Amino acid sequence: MTEMIYYYDGSFEGFLCCIFDSYANKEILTAICRDEDAMPTLFAARNIVTDQNHANRVFRKIVKYSPYAAELLRKGFLTCLPEKELHLYRLVVKLLKEGPGFLRNFSDEALYPVITAVRHLNGEAHLLKGFIRFSELGGVLGSEIEPKNRVLPILRSHFCARYREETFFIYDRTHKEALFYAAGKAVIRPLEFFQMAPPDETEANYRILWKRFYDTIAIKERYNPKCRRTNMPKRYWDTMTEFQDESYFKPQSSPAAVPTPGVPDGISAPGIPPTPGPSAPGSAP
């Protein structure tokens, strides 16, 4: 069999077509790259055209072998695992060759990196259910996040059920995409450039109230920054109201920043982890 590098459009369906073409052309894949990452190479390479019929055939085949493997494949594609396409491809090859028995062995070399990445995806999505902060912008709730993984398809079910009667959006700064929800319908769309509008007087006051609440519940004698960073990792702070500077509390109609309440005795409240519970069902990318 010929070794080959495949380039595809970056979609989940496009990735499934890479698997289809590798079997159709009897080629072993040494790399699977997105079109925008294409670089000159001396190795044999092929551009894969996305065909929905081919993608459906591959996914149905995987589901037939193991619904659990299909779920791993679907969620694994959302992770930040380096060279995730190649890891997922090797998982599918082993599944079709040996059957689903190896999926019970978490130390298996084809399964371990994928299942570890999916656990990280689920964990991050669970944390963001408690860390996302919405702002009211002209009747629409809006928020921003900076996750490592593409968590919006995982978060969609949770927030659409929680804010069923609202209109809202969640913008993913890392992956330049946004979840939009209105009138019972939700979509995830790419959004290359986005800047949150400044708050009006009412929203600025709500932000100040939340900041004051967060600061006021601090207990000086129990101040433990290490515990706070454990329960509320620092990489999430950039999009959380309680950690913003004065400009975040400046209303659109006011030329001066609204003064933010100081932390009692200079002590910030320790973070409180979200209530444990099952993750929302994932959605296909």
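The values are calculated or read from the model by the stated rules, or taken from the named source; none is laboratory data. Every value quoted in this text rests on a predicted model; they were computed, and no experiment measured them. Ideal geometry is used to build each Cβ from the backbone, glycine not excepted, and the neighbour counts take in all protein chains shown.
Odds and ends about this structure:
- Residue count for the stretch 58-92, restricted to those that are more than 21 Å from the chain's Cα centre (by Cα), surrounded by 14 or more Cβ atoms within 10 Å (Cβ to Cβ) and free of Cβ contacts under 8 Å to residues at least 60 places away in the same chain: 9
- Only listed residue being surrounded by fewer than 18 Cβ atoms within 10 Å (Cβ to Cβ) and in contact with a Pro (Cβ under 6 Å, 6 or more places away or on another chain), chosen from 228, 189, 164: 228
- Here residue 4 meets the list (1) assigned to a helix (DSSP H, G or I); (2) over 29 Å from residue 190 (Cα atoms); (3) modelled with pLDDT under 95 almost entirely, failing just condition (1).
- Filtering the stretch 1-52 to residues that are among the aromatic types (Phe, Trp, Tyr) and within 19 Å of residue 79 (Cβ to Cβ) leaves 8, 12, 15.
- Residue within the stretch 212-224 that is closer than 28 Å to residue 174 by Cα, at pLDDT 85 or above, within 25 Å of the chain's Cα centre (by Cα) and not assigned by TED's automatic domain parsing to the domain that holds residue 136 present: no
- So residue 163, is it of a type outside the set (Gly, Ala, Ser) and closer than 16 Å to residue 240 by Cα: no
- Residues located in the stretch 163-220, provided they are in a helix (DSSP H, G or I), among the β-branched types (Val, Ile, Thr) and more than 18 Å from residue 131 (Cα to Cα): 202, 216
- Residue within the stretch 124-137 that is free of Cβ contacts under 8 Å to residues at least 24 places away in the same chain, surrounded by fewer than 18 Cβ atoms within 10 Å (Cβ to Cβ), over 10 Å from the mean Cα position of the chain (by Cα) and not assigned by TED's automatic domain parsing to the domain that holds residue 88 present: no
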